[in-house]
Amino acid sequence: MYYNSEQEVPDNFLKPCGCGCEEQIWNYNKWGYERKIKHNHHVRGENNNHYRGYVITTYSGYRMLYRPNHPFCDNKGYVREQRLVMEEHLGRYLLPTEQVHHKNKNKQDNRIENLELMSNASVHTKRHMEEQRCEIEKRKCFLCGQKTRYRKERNSYDWYYLNHDKTKVICDICYVKIRRDKIKS
């Protein structure tokens, strides 16, 4: 049975909208399915099945929290969690040029013991380059056991990965030997 807007509708045919607006909607749609929310209304906040407390993870692995009133939030209102932790520790907002460095390289670990404040991007980049250089200097060739060799004429270290997961490295001498043997056979 259809009702127009001038006729009175029985109370058991109506219920409040599930989005929280408290607007009265029909219990069933025209196909007989039960309705939960009015068309174009959306369940927001804690009532939504996908609600995760306004915490997202970016494609690069950083956790971001929803803080729309923060002076340096992005266009959707999110701020990186490590910046918020450092700001709380310092008692002030970070400048847009200041960056937060993760000491253990785990972007999800935002404990204050793991965070270090960098004055600008160039200082942060130098820190990463220094860590990478230390890591390279500790390498040993998987085949001959030789330590790192720095090539001044090339201004680089000559290392080659033996496998795809980049856990085993070989020096340039062993690499040339392997290539030579493959070409001969």
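Which entries in the list K107/K140; K107/K177; K30/K76; K147/K184; K105/K182; K38/K107 go over 31 Å, if you measure between the two C-alpha atoms of each?
Over 31 Å apart, Cα to Cα: K107/K177; K30/K76; K105/K182; K38/K107.
What is the calculated FRET efficiency for H70 to K147, with r their C-beta to C-beta distance and R₀ = 45 Å, to the nearest 0.05?
According to the calculation, E is roughly 0.40.
How large, in Å, is the stretch 55-134 by the Kirkwood hydrodynamic radius built from its alpha-carbon pairs?
Answer for the stretch 55-134: a Kirkwood hydrodynamic radius of 13.2 Å.
Compute the distance in nm between two label points, each set 7 Å from the Cα along the Cα-to-Cβ direction, one at R127 and one at E34.
5.4
Quick one: compute the contact order of the stretch 55-134, relative version, from alpha carbon pairs under 8 angstrom and 6+ residues apart, as a percent.
This gives 22 percent for the stretch 55-134.
Extending each Cα 7 Å along its Cβ direction at Y93 and I183, get the distance between those two points in nm, one decimal.
6.2
Residues with beta-carbon under 11 Å from that of C73, excluding C73: net charge, scoring Lys, Arg +1 and Asp, Glu -1?
That works out to +3.
Quick one: length gained pulling K107 to Q24 fully straight, 0.36 nm per residue minus the C-alpha distance?
So the chain would gain 25.3 nm between K107 and Q24.
Values in this text are rule-based calculations from the coordinates and carry no lab data. Small disclaimer: the values here were computed from a predicted structure and weren't measured. Glycine gets a Cβ as well: all are built from the backbone with ideal geometry, and neighbour counts include every protein chain shown.
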